[in-house]
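Notes to accompany the following structure.
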Amino acid sequence: MITKIARRISTIILELENLILIYVGFVPCHFFRRFFYKTAGIKIGKGSTIHTGARFYKPNGIKIGKDSIIGEGAVLDGRAPLIIGDHVDFASEVMVYNAQHDLNDPSFKAVKGSVEIGDYVFIGPRAIILPGVKIGKGAVVAAGAVVNRDVEDFMIVGGVPAKPIRERELKNPSYKLGRAAWFR
């Protein structure tokens, strides 16, 4: 009985934290949001930004490298480790999940798998990254793609499910993404 009550209280606290982060996510000031996201446990590298409207599941499991941009309305899942590299560019409404239900389990239990996104990756609008996926350095995920398997370095993938389209020609990226707009 006490264990059940403790679990319930823990869940309520987690949900309140998520609610606060949802509201914080709509404050049009990058510095304000960054402060609260770091306080919630998200590790954010120097020069990286998370644009408005982002949502998080278990933020203390999320690590974002330096000079990366997370676009508006992104969903980032930290229920298992989510590691985003340096100079990564997420377009708007990208969703990264690292937990899902086992459809064949009688109790419909949750299954978790870490997600790792390498340096210099670009992920197009409304792409979905599923649990257990590793996206290699310099890879590109096309808009609307659903990535359910690993993506090799410098590979461009697209479709549902995502399949290789071609290899990226730029093999030695060194660009910087620039500064985020203050109020976006």
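What is the fewest-to-most order of SER114, SER48 by other Cβ atoms lying within 10 Å of their Cβ?
Values: SER114 16, SER48 22.
Final ranking by Cβ density, sparse to dense: SER114, SER48.
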Putting +1 on Lys and Arg Cβ atoms and -1 on Asp and Glu Cβ atoms, find which of GLY159, ALA40, TYR120 reaches farthest to the positive end of the dipole of the chain. ALA40
Over the Cα atoms of region 107-180, how large are the radius of gyration and the largest Cα-Cα distance (Dmax), in Å? 13.3, 48
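Estimate the FRET efficiency between LEU16 and ARG55 by the formula 1/(1 + (r/R0)^6), using the beta-carbon distance for r and 25 Å for R0, to the nearest 0.05.
Numbers: r = 15 Å, r/R0 = 0.58.
My answer for the efficiency is 0.95.
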Between region 72-91 and region 129-184, the alpha-carbon center distance in angstrom: 12 Å
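Using helices alone, I'd like the mean residue ellipticity at 222 nm for the chain: each DSSP H run of four-plus residues gives -39500 (n - 2.57), total over residue count, nearest 500.
On the way: 2 runs with 33 residues, N = 184.
So the calculated ellipticity at 222 nm is -6000 deg cm²/dmol.
Within a 10 angstrom radius of the beta carbon, how do GLU116, GLU152 rank from fewest other beta carbons to most?
In order of increasing Cβ crowding within 10 Å: GLU152, GLU116.
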Counted neighbours (other Cβ, 10 Å), sorted fewest up, put LYS58, LYS163 in the order LYS163, LYS58
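Hey, could you grab the Kirkwood Rh for the chain? Inverse mean 1/r over distinct alpha carbon pairs, Å, one decimal.
Numbers: mean 1/r = 0.0591 Å⁻¹.
Value: 16.9 Å, from the Cα pair sum.
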Report the net charge of residues surrounding ILE117, where surrounding means a beta-carbon distance below 10 angstrom and charges are Lys +1, Arg +1, Asp -1, Glu -1. 0
Quick numbers on region 1-53, Rg and Dmax over C-alpha atoms in Å, give 14.2, 47
Starting from the Cα of LEU170, step 7 Å along the direction of its Cβ; do the same at ARG149; then give the gap between the two resulting points in nm. 2.7 nm
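Values quoted throughout were computed directly from the atomic coordinates according to the rules given, and no laboratory measurement underlies them. This is a predicted model, so every value here is computed, not measured. Every residue, glycine as well, gets a Cβ built from its backbone with ideal geometry; the counts of neighbours run over all protein chains shown.
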